[in-house]
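K.L.:
Here you go, one structure.
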Amino acid sequence: MAQESPKNSAAEIPVTSNGQLEDSHEHSFNRDLKRSLPVGLGLSETKITSHGFDSTKEGVIEAGPFPGSSASPKSSVISPSSAAASRLAGQGGRAQQKSGPVVLADEVKNPAMEKLELVRKWSLNTYKCTRQIISEKLGRGSRTVDLELEAQIDILRDNKKKYENILKLAQTLSTQLFQMVHTQRQLGDAFADLSLKSLELHEEFGYNADTQKLLAKNGETLLGAINFFIASVNTLVNKTIEDTLLTVKQYESARIEYDAYRTDLEELNLGPRDANTLPKIEQSQQLFQVHKEKYDKMRNDVSIKLKFLEENKVKVLHNQLVLFHNAIAAYFAGNQKQLEQTLKQFHIKLKTPGADAPSWLEEQ
């Protein structure tokens, strides 16, 4: 060929040990390069990027200022060889095949951001409720009051304290009666032993032994009635009434939130209405409506629970008070038959000593 290609000319460039061009061949290299470049592209506008000087490797010549030249860079770029272009096209095709569906970053939910948003809402709600409570205690803020419902709640709390006092006294009576029955049983055993060993006082010790054993037996019957009374009242006080009071606490929390957002909405309505405050007023109106619905729902739930509690309380206490009265009266009157009949009336089964343990035949 009359003219050598730029690739063969570049392959003949001698390189020093540190990779720099020798000064003696610099001008010949520039001359050959100018011949191979298109017209209008100067040597000062190019720099060479080469991956090797082997004939199987291709070189890329990019436009840019040559080291040591003060000429401004131009936008002309010499494209790579056809082999490099085809390889780049193949890599681009594979990259497109491997790529999946495009997902916008805004649509991805970040758990950390969701938790942060929940904490922010909780903090804001706590702040508003705390401010409402403080303003109510200082007498500066207004609160929503349902007079009829509040009166029923106060009566319930007062009755709960009184029922707890009755329960405590009944438990004390049960403990003392248990100790007395235990003492009477031991005393009856002692009288019976002396009746066998003292012939001259055999009848006297025998009468006392029978009496103490009978008292101990009646005391156990009365103890069963009292313990049944205690269990029923304990269920009423610490489960049924406590469950209703838990609903009352939720109702009071809903009332505080309702008043807090109501106050916030009233303050915004008293202020100016412009482009900045109108969105805030609309958002506050929505939050107020949500908490108003929650407050109305909790108030309705409390009313229903108080109604059912009153019916259940009357029924339970009526039966238990009748049982307690009849058992105490029969015991101190010495009417063993009536005392036993009272227990049968309320389906109370006494546990005799050793009844829980199976017999030898049952074990076999």
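K.L.:
Of all residues in the range 342-359, which are more than 16 Å from PHE229 (Cα to Cα) and modelled with pLDDT of 85 or more?
P.N.:
None - no residue of the range 342-359 is more than 16 Å from PHE229 (Cα to Cα) and modelled with pLDDT of 85 or more, so the list stays empty.
K.L.:
All but one of (1) crowded, with 17+ Cβ neighbours inside 10 Å; (2) free of Cβ contacts under 8 Å to residues at least 60 places away in the same chain hold for TYR163; state the number of the condition that does not hold.
P.N.:
Failing condition for TYR163: (2).
K.L.:
Something else now. Which of (1) under 30 Å from VAL181 (Cα atoms); (2) open to solvent by 60 Å² or more (accessible area, probe 1.4 Å); (3) among the hydrophobic types (A, V, I, L, M, F, W, C) is the odd one out, the single condition ALA330 does not satisfy?
P.N.:
The failed condition is (2).
K.L.:
Can you find even one residue in the range 250-264 that is open to solvent by 60 Å² or more (accessible area, probe 1.4 Å), in contact (Cβ under 8 Å) with a residue 24 or more places away in the chain and of a type outside the set (Gly, Ala, Ser)?
P.N.:
There is at least one residue in the range 250-264 that is open to solvent by 60 Å² or more (accessible area, probe 1.4 Å), in contact (Cβ under 8 Å) with a residue 24 or more places away in the chain and of a type outside the set (Gly, Ala, Ser).
K.L.:
Going through the range 291-308 one residue at a time, which ones are free of Cβ contacts under 8 Å to residues at least 12 places away in the same chain and β-branched (Val, Ile, Thr)?
P.N.:
Correct list: ILE304 only.
Results for (1) of a type in the set (D, E, K, R); (2) assigned to a helix (DSSP H, G or I); (3) open to solvent by less than 30 Å² (accessible area, probe 1.4 Å); (4) under 22 Å from VAL237 (Cβ atoms), shown as yes or no for each residue.
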site: LYS280; (1), (2), (3), (4): yes, yes, no, no
site: SER284; (1), (2), (3), (4): no, yes, yes, no
site: ARG299; (1), (2), (3), (4): yes, yes, no, no
site: LYS315; (1), (2), (3), (4): yes, yes, no, yes
site: VAL322; (1), (2), (3), (4): no, yes, no, yes
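K.L.:
Continuing with this model, one more query. Give ARG140, ARG131, ARG120 a once-over and let me know the one that is loosely packed, with under 10 Cβ neighbours inside 10 Å and either in contact with a Leu (Cβ under 7 Å, 6 or more places away or on another chain) or modelled with pLDDT under 85 (or both).
P.N.:
ARG140
K.L.:
Does the range 223-241 contain at least one residue that is closer than 30 Å to LYS292 by Cα, without any contact (Cβ under 8 Å) to a residue 12 or more places away in the chain and open to solvent by 70 Å² or more (accessible area, probe 1.4 Å)?
P.N.:
Checking the range 223-241: at least one residue is closer than 30 Å to LYS292 by Cα, without any contact (Cβ under 8 Å) to a residue 12 or more places away in the chain and open to solvent by 70 Å² or more (accessible area, probe 1.4 Å).
K.L.:
From (1) part of a helix (DSSP H, G or I); (2) open to solvent by 20 Å² or more (accessible area, probe 1.4 Å); (3) out of contact with any Lys or Arg (no Cβ under 7 Å at 6 or more places or on another chain); (4) of a type outside the set (A, V, I, L, M), pick out the condition that doesn't hold for GLY219.
P.N.:
(2)
The values are calculated or read from the model by the stated rules, or taken from the named source; none is laboratory data. Keep in mind that this is a model prediction, so the values were computed, not measured. With ideal geometry, Cβ positions are generated from the backbone for all residues, glycine too; neighbour counts draw on all protein chains shown. Remember, those area values only see protein heavy atoms, side chains included, never the ligands or the DNA or RNA. Shrake-Rupley method; radii C 1.70, N 1.55, O 1.52, S 1.80 Å.
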